[in-house]
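Have a look at the structure below, then the notes.
The values are calculated or read from the model by the stated rules, or taken from the named source; none is laboratory data. Here the structure is a predicted model, which is why all the values come from computation and not from measurement. Here Cβ is always computed from backbone atoms with ideal geometry, including for glycine, and neighbour counts include all displayed protein chains. All accessible areas refer to the heavy atoms of the entire protein, side chains included, with ligands and DNA or RNA removed. Shrake-Rupley method; radii C 1.70, N 1.55, O 1.52, S 1.80 Å.
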Amino acid sequence: QVRLVESGGGLVRPGGSLRLSCAASGIIFTHYTMNWYRQAPGKQRELVAGITSGGSTNYADSVKGRFTISRNNVKNTVDLQMNSLRPEDTARYYCQSKWGPESYWGQGTQVTVSS
C-alpha cells in the first residue's frame, strides 16, 4: 500500500519560514521523482518544486530563491524548506511521487501566511 504523509504545515507570519516533510512508503523511493504542489482556494493546483531520483531540481518562478527541495533516499523523505514566506504562499501543499505513468498523492498539509 502506497502512502505519502505530509507534515510541517501551520500558521506563520510574512517573512517567516516553515519546513514541510513528506514520508513515503510502499514504493521504491529511489525510482520516483518527488514533487511538491500547492492549491489555494479557488485556484488550480500548481507545481511548486520537484526533485528527480538523481537529485535534479526545478522550481516555480514564484518560489525560486526562497524555497529549497531536498530528498533523503535512506529515510524515504522529501522536504521543502520555505523561507521569506508571503501571504500569496498560503495554500494546501501536496506531495506527489511520479514514475512514468504511476503517480501517488498525499493528503496535503495547510500553510497559512498571515500577520
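For Ser115 and Thr68, a Förster radius of 25 Å and the Cβ-Cβ distance give a FRET efficiency of 0.55, rounded to the nearest 0.05.
Looking at the chain, the accessible area is 53 square angstrom per residue; that uses a 1.4 Å probe and ignores ligands, DNA and RNA. Charged side chains reduced to their Cβ positions (Lys and Arg at +1, Asp and Glu at -1) give the chain a dipole of some 120 debye around its Cα centre.
Taking each residue as 0.36 nm, the span from Ala60 to Val2 lengthens on full extension beyond its C-alpha to C-alpha distance by 18.2 nm. With contacts taken as Cα pairs under 8 Å and at least 6 residues apart, the chain reaches a relative contact order of 36 percent. Here the spin labels are modelled as points 7 Å beyond Cα on the Cα-Cβ line, and at Gln107 and Lys75 they lie 2.1 nm apart. Taking each residue as 0.36 nm, the span from Lys43 to Ile28 lengthens on full extension beyond its C-alpha to C-alpha distance by 2.2 nm.
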